[in-house]
Ligand code: NDP
């Protein structure tokens, strides 16, 4: 029996549209179509596959504003961010459009013949996308997967299916054959689980919570299915006394409150060298209070609402329900509602064992703590189960590099909060995940190496 999901605008709580959710049988049909399309897609010449991805990229570019508006309504993203996100899908597709002709194998010197390796597609790849960045995370999955010659079934999050559905339509319009990229809206526990259990899905590429990632990994073990997991984070923003302190404080809100903190790369722990803590907090307070929290359709909006009432409740519980442990240092303004608003909030935890210091809040809440020296900063940054991103602010480049090497995380930036560039690898250490997206690594992650030996004797 088909069920439906009401898509709600998080900024207004109004109904946007209603989407049909697929059943297990419909997921099976989509996987069967992807399987059937597989041989023909891998037989498309590398140049033609590249050309189709290039056309897809161009179409996404032509529809950038439409896609952005859809994301504003569906996910509450600010219009500026949503335009960047649609532009990111365009750029990621353009980057991987060049990949089919550069999907190089190797020739390895051996005795008695010629040894060559090929990078073969896996077959059908299942991509499970979360609600926090529906467009980029979909693109980071399907662009390299398609470039490598795989076919894709993609499940957007139940809360945010609209842009993925539109991207699926644009792929068809670009001439990508039916069955090569199928977007199928459905529940994680139904369609997502089916990607894990179906024997014809050769790899599951998942972004979301660590708990669901663990479940997928367990399920995938039955068939030794490949997984890429991009999970949570509790990243540190480390500010040294020798940094440009005003700049570090002015930028700190963008490292954590972007997308209202619903960002796996959010620098939700700020570590400040003790000698400059008070000065940093002074500048940081001004910066936080300056963040424009407003209707995400407004060009000036810098932060929108949370995705749902449930997510707001989760965020609230980290601060309001922990009042005896967590001191609110200061916070910004937020509209009263309707909409799932929550103000940018800066807290001072009592100790490193406080929940707000240890767990991924996934909302606009940041915890600040002092450190004493470089070793203490690295130890505190690493005192977490996660390892996704982080920033280091210092004028000493040697220190910047030393600390970056010392922090156990996949994506670090010095004097910046940048985590994502389509040409460079993205992914986590420890419980932040397995595998890398983007850059050359993602292409490899969607292939198997085949070795062929040809005797010359
Ligand atoms: P989930 O991990 O539940 O959802 C992410 C995706 O996985 C969605 O498409 C979801 O589908 C799907 N899914 C859910 N259950 C299964 C399953 N059993 N098998 C396969 N796929 C499944 O995240 P939540 O939405 O519940 O968010 C909870 C928390 O997770 C957040 O507060 C945040 O801390 C973290 N999170 C981290 C993200 C990141 O970028 N690292 C992204 C999103 C969340 P459906 O929407 O239909 O349930």
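Would you confirm, using the coordinates I've provided, whether residue 172 is buried (at least 24 other Cβ atoms within 10 Å of the Cβ) and either assigned to a helix (DSSP H, G or I) or more than 10 Å from the ligand (Cβ to nearest atom) (or both)?
So residue 172 fails the test.
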Checking residue 232 against (1) assigned to a loop (DSSP other than H, G, I, E, B); (2) more than 8 Å from the ligand (Cβ to nearest atom); (3) under 21 Å from the mean Cα position of the chain (by Cα), the condition it does not meet:
(2)
Per the filter on region 266-290, residues closer than 22 Å to residue 313 by Cα and away from the ligand (no atom under 16 Å from the Cβ) are 288
Sort out which residues of region 88-125 are without any contact (Cβ under 8 Å) to a residue 24 or more places away in the chain and either under 26 Å from the mean Cα position of the chain (by Cα) or part of a helix (DSSP H, G or I) (or both), and write them in order of number.
102
Number of the condition not met by residue 142 [criteria: (1) farther than 18 Å from residue 208 by Cβ; (2) more than 14 Å from the ligand (Cβ to nearest atom); (3) in a helix (DSSP H, G or I)]:
(1)
Which ones in region 235-248 are part of a loop (DSSP other than H, G, I, E, B) and either away from the ligand (no atom under 15 Å from the Cβ) or farther than 28 Å from residue 214 by Cβ (or both)?
240, 241, 242, 243, 244
Which count do you get for residues in region 426-457 that are within 19 Å of the chain's Cα centre (by Cα) and either within 16 Å of the ligand (Cβ to nearest atom) or touching a residue at least 24 places away in the same chain (Cβ under 8 Å) (or both)?
18
Out of 253, 199, report the one residue that is surrounded by 17 or more Cβ atoms within 10 Å (Cβ to Cβ), at pLDDT 95 or above and more than 14 Å from the ligand (Cβ to nearest atom).
253
Failed item in (1) closer than 30 Å to residue 294 by Cβ; (2) under 23 Å from the mean Cα position of the chain (by Cα); (3) surrounded by 14 or more Cβ atoms within 10 Å (Cβ to Cβ), with residue 326 passing the rest
(2)
Among (1) more than 24 Å from the chain's Cα centre (by Cα); (2) under 22 Å from residue 350 (Cβ atoms); (3) surrounded by 17 or more Cβ atoms within 10 Å (Cβ to Cβ), residue 379 falls short only on (3)
Looking across region 181-196 at residues that are more than 8 Å from the ligand (Cβ to nearest atom) and farther than 21 Å from residue 224 by Cα, the single one that is surrounded by the most Cβ atoms within 10 Å (Cβ to Cβ) is 181
With 263, 242, 222 as the choices, which residue is farther than 30 Å from residue 316 by Cα and outside the structural domain of residue 24 (by TED's automatic domain parsing)?
242
Could you please tell me which pairs satisfy a Cβ distance under 8 Å, a separation of 6+ or placement on different chains, a first residue in region 254-266 that is more than 17 Å from residue 76 (Cβ to Cβ) and in contact (Cβ under 8 Å) with a residue 40 or more places away in the chain, and a second residue that is near the ligand (Cβ under 10 Å from one of its atoms) and assigned to a helix (DSSP H, G or I)?
264/432
Among the candidates 366, 346, residue that is within 16 Å of the ligand (Cβ to nearest atom) and in contact (Cβ under 8 Å) with a residue 60 or more places away in the chain
366
As an exercise: evaluate residue 10 against (1) in contact with a strand residue (DSSP E or B) (Cβ under 9 Å, 6 or more places away or on another chain); (2) under 24 Å from residue 311 (Cα atoms); (3) surrounded by 14 or more Cβ atoms within 10 Å (Cβ to Cβ) and give the number of the one condition it does not meet.
(1)
The one condition in (1) surrounded by fewer than 21 Cβ atoms within 10 Å (Cβ to Cβ); (2) away from the ligand (no atom under 16 Å from the Cβ); (3) in contact (Cβ under 8 Å) with a residue 24 or more places away in the chain that residue 341 fails to fulfil
(1)
Name the residue, out of 182, 163, that is modelled with pLDDT of 95 or more and part of a helix (DSSP H, G or I).
163
With the requirement that a residue be within 20 Å of the chain's Cα centre (by Cα), assigned to a helix (DSSP H, G or I) and buried (at least 20 other Cβ atoms within 10 Å of the Cβ), what does region 40-78 give you?
57, 60, 67, 68, 70, 71, 72, 73, 74, 75
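The values are calculated or read from the model by the stated rules, or taken from the named source; none is laboratory data. Predicted, not measured: the structure shown is a model, and the values here were computed from it. Cβ: placed from backbone, ideal geometry, glycine included. Neighbour counts: every protein chain shown.
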